[in-house]
Amino acid sequence: MAESEIHHRTEEFKRILREALAGLRYFFQTQEDILIFASSGTGAMESAVANLLSPGDRALVVVGGKFGERWEELCKAYQVGVEKIAIPYGQALDPRVVRQRLEAGPSVGAVFVQAVETSTATEYDVRSLGAIVHEFPDTCLVVDAITGLGTMELRTQDWHLDLVVGGSQKAFMLPPGLSFVSVSEKAWRRVERSGSPRYYFDYRRERKSVARDQTAYTPAVSLIVGLSQVLRFVQEQGLDNVIRGARLQAEATRAAARALGLQVFSHSPCAACTGIRPPEGIPSTRVVQHLRKEFGLVIAAGQGELKEQLFRIAHIGYFDFYDILGMIGCLELTLEQLGHSLSLGSGVRAALQTYCQRREPGEPGE
Ligand SMILES: *Cc1c(COP(=O)(O)O)cnc(C)c1O
């Protein structure tokens, strides 16, 4: 990436972009269009609203955390009428609620959801949602899979996920600055009709450029060079193995939490990260600070109003089982030093046992 002084209107760059797009189709599990933007993930989320809906349209938004709230705010910014499906934070989504609403109420242009609501470390059943929304020819399913991609099975095309959003700084293991959207044929029909203002994020223009192995405007060249390499790495590993690696870490972390007398925050836990409730009387931020100061390890507290209610340990991207073992060991020392009574080694032991029970041959993490 540091070496890339490539001009973007050259054959050399076209070749790299072509390779990156092919890799993205594999990562997203789709043969439909994928567009790349130079923005953070939120830019691509905004582009989904602008390209699919017109002012006055109606949207159904699943809100079970910070990122669900973001869909709601984006829809409002584009004068889209929001109907909220509110889920208590950390609870699973019941897809039947979406079906009931789509069958009963006035027509909805799009359903917005997260594959993984990162703020509560919760996974949603987007597969079932895809099957439901597929029955409604004028409604698109939009999935923020920024942390779902690469950490859970996500078959964009087979599952009828009309628009899937990704971002470079999560499972793509890159610095922030790139966002991705996959767009189904059904979604394209809405894109053609949308009356919302858009310019940089206009999918129609970008699609024409991508057909010529170009981007409409100057791409983030160095990040796309990195992207093509990362996706090569993922293809060598095999996407299933990458996902299994994250899942193994998540299962091991949950087992460790239980062994340490702690509660997993989510009732539908994801594999991108694990949210754990801190022990009585110890705020999350103290756990976070101690791990950083004492061991140089970075984890996150909750977001917004959940700040002190959970701390979150990542499993996404380059993290592997070795990292998670060290993390759990240092977490034990941290909790002990902060006054939580535990039997040292019990978390690590539970993680090791999970590994022995779950590991399948050929998985990364050996
Ligand atoms: C990280 C994350 C985003 C990120 O948005 P940025 O604009 O890249 O900060 C959006 N949605 C989810 C679910 C995320 O985890």
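The values are calculated or read from the model by the stated rules, or taken from the named source; none is laboratory data. From a predicted model like this one, the values you see are computed outputs, not experimental measurements. Every residue, glycine as well, gets a Cβ built from its backbone with ideal geometry; the counts of neighbours run over all protein chains shown. For accessibility, only protein heavy atoms count, side chains too; no ligands or nucleic acids. Shrake-Rupley method; radii C 1.70, N 1.55, O 1.52, S 1.80 Å.
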message: With an 8 Å Cα cut-off and a minimum separation of 6 or more residues, compute the relative contact order for the range 1-148 in percent.
response: 20 percent
query: Counting pairs of alpha carbon atoms under 8 Å apart in space and at least six apart in sequence, what relative contact order in percent does the chain give?
result: 19 percent
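Hey, got a sec? Which chymotrypsin sites (Phe, Trp or Tyr not before Pro) in the range 1-83 land in a DSSP loop and have at most 11 other Cβ atoms within 10 Å?
none
Return the loop-located trypsin sites (Lys or Arg not before Pro) in the range 276-341 (DSSP other than H, G, I, E, B) with at most 16 other Cβ atoms within 10 Å of their own Cβ; answer none if there are none. Intermediate values should be presented prior to the final figure.
Values: sites: 286, 292, 293, 307, 312; in loops: 307.
Filter output for the range 276-341: 307.
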Label point at residue 217 placed 7 Å out along Cα→Cβ; residues across the range 171-205 whose backbone nitrogen lies under 11 Å: 199-202
- request: Restrict the search to the range 236-331; then list the chymotrypsin sites (Phe, Trp or Tyr not before Pro) that DSSP places in a loop and that have at most 11 other Cβ atoms within 10 Å of their Cβ.
  value: 318
- request: Give me the percent of the accessible area of the chain that comes from carbon and sulfur atoms, probe 1.4 Å, all protein chains in place.
  value: 49 percent
task: Calculate the length of the line joining the C-alpha centroid of the range 143-174 to that of the range 310-326, in whole Å.
output: 19 Å
- request: Only bridges with both residues in the chain count here: give the DSSP antiparallel percent, nearest 5.
  value: 55 percent
task: Return the lysines within reach of residue 208: Cα separation strictly under 22 angstrom, same-chain partners fewer than 8 residues apart disregarded; answer none if there are no such residues.
output: 14, 186
field: For the chain, calculated [θ]222 nm from helices alone, where every DSSP H run of n ≥ 4 adds -39500 (n - 2.57)
entry: -13500 deg cm²/dmol
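Write down the accessible area per residue of the chain in Å², having rolled a 1.4 Å probe over the full set of protein chains. Could the numbers behind the result be given before it?
Working: 15460 Å² over 366 residues.
Heavy-atom SASA per residue in the chain reads 42 Å².
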field: Cα gyration tensor shape for the range 122-197, rounded if a/c is under 1.5, else prolate or oblate
entry: oblate
query: Near residue 84, which lysines are there with a Cα under 21 Å away, not counting those fewer than 8 places off in the same chain?
result: 66, 76
- line: Check: C-alpha center the range 201-270 vs C-alpha center the range 76-96, spacing in Å is 24 Å
task: Compute the normalised compactness of the chain: alpha-carbon radius of gyration over 2.2 N^0.38 Å, N being the residue count.
output: 1.01
- line: Each label sits 7 Å from Cα toward the beta-carbon; between residue 125 and residue 298 the label points are separated, in nm, by 3.6 nm
message: With viscosity set to 0.890 mPa s at 25 °C, what whole-number translational diffusion coefficient in µm²/s follows for the range 111-251 from Stokes-Einstein and a Kirkwood radius over Cα pairs?
response: 149 µm²/s
